[in-house]
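What follows is a set of notes on a single structure, which appears directly below.
Values in this text are rule-based calculations from the coordinates and carry no lab data. No experiment lies behind these values; they were computed from the predicted model shown. As a convention, Cβ positions derive from the backbone with ideal geometry for all residues, glycine included, and neighbour counts pool all protein chains shown.
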Amino acid sequence: MKTTRWRPIPKGGNLVKIQLEDLIGKWIERSQIEKDSHVAISGDEGDGKSHLESQIITKYPGATLKDNIIYTNNPDEFYYKYDNMEVGSCMGLDDALNMIDRVDWHKLEVRDFVKHVRGKVRVEKRATFIYNVQLFRDLHPYWRNHRIRYWIELTPREWFDNMNFAYVLERARVPFITGRRDGWLLDENEKTWLNYMKGGNVIPQHYVNMLQNHPFYIGEFRFKKNDSILERYKRHRADATEEWRMEEPPPKKDKIAKLQEIIDKQNKLMYERGIKQKDIGEQIGRSPQAVHTSVQRGEFLSQIPTPTIDHR
């Protein structure tokens, strides 16, 4: 990749200019040797994550804003578009955290998604995947440290007029870093940032210096707003939101209400029908020990009249 020096805005001591087209070319070259590329784009709302994602998509041969961006949280949209994606192409996850973030990691559909991408994408598609997130650290540690190869951090839009700066970091394949829990050295940089804040003198230059001095920094580029691409993106997003709308799941029962229901069934079987404790569990889906424990505790038994026993 060709690199040239340029004057930074604001100034920085280690600035290397790269072209977005060269970066995309590098990802395409990786696909030709059967390697996928996972790219995280981070920045606050309105800083241009989706806009940059859209510009990247339009530069990939055969990729379109309609078919190569996952606009919703519906896994069916991902599976459908993944299956129809060309080999060596690109796909963007517009709101990546709702699919693979640390909170939803345990969900079945997320596990299926992770297994699908981790086990098949390199062999089947050799594609580039783009994940939009507000904070890079919010990505699940496994995904961040073992799948993401490139991290693009966007500067706040209010710093510049009609211009965005994107700082690119590429994770190195170094043995003593690859095995770390903090593969991107975020903890070290967090300490530096906190020291700036303690001094009460946080300025854009500190932000720029931290990125440019990171061991994985490979360069940066500028991109401007493209109204045509942005309008098409918004139209396709609205269409996808309607097409891939998911039905709202039924409301979950309150835990106390659910326990009340189970205990009521248990008491009814025991006191009205005279069924033994060990047989109740089989009928209400509770273990014999759980039934015995609840009886010992007297759960809800005050609501049940004392049975009349006929000794005849």
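Here are the numbers for the structure shown:
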read-out: Net lengthening on full extension, residue 35/residue 124 (0.36 nm per residue, minus Cα-Cα); value: 31.0 nm
read-out: Footprinting exposure proxy for 223, 165 (fewest neighbouring C-beta atoms within 10 Å first); value: 223, 165
read-out: Nearest-0.05 FRET efficiency for residue 137 and residue 160, computed from C-beta distance (R0 30 Å); value: 0.75
read-out: For 221, 216, 160, 129, order by how many other beta-carbon atoms lie within 10 Å, fewest first; value: 160, 216, 221, 129
read-out: Local electrostatic count at residue 67 - Lys and Arg +1, Asp and Glu -1, tallied over other residues with Cβ under 10 Å; value: +1
read-out: Gyration tensor verdict on the stretch 22-94 (Cα atoms; rounded if a/c is under 1.5, prolate if a/b is larger than b/c, oblate otherwise); value: oblate
read-out: Rounded FRET efficiency, nearest 0.05, which uses the C-beta distance separating residue 241 from residue 17 and R0 of 35 Å; value: 0.40
read-out: Cα-based Rg of the stretch 183-251 normalised by 2.2 N^0.38 Å, two decimals; value: 1.87
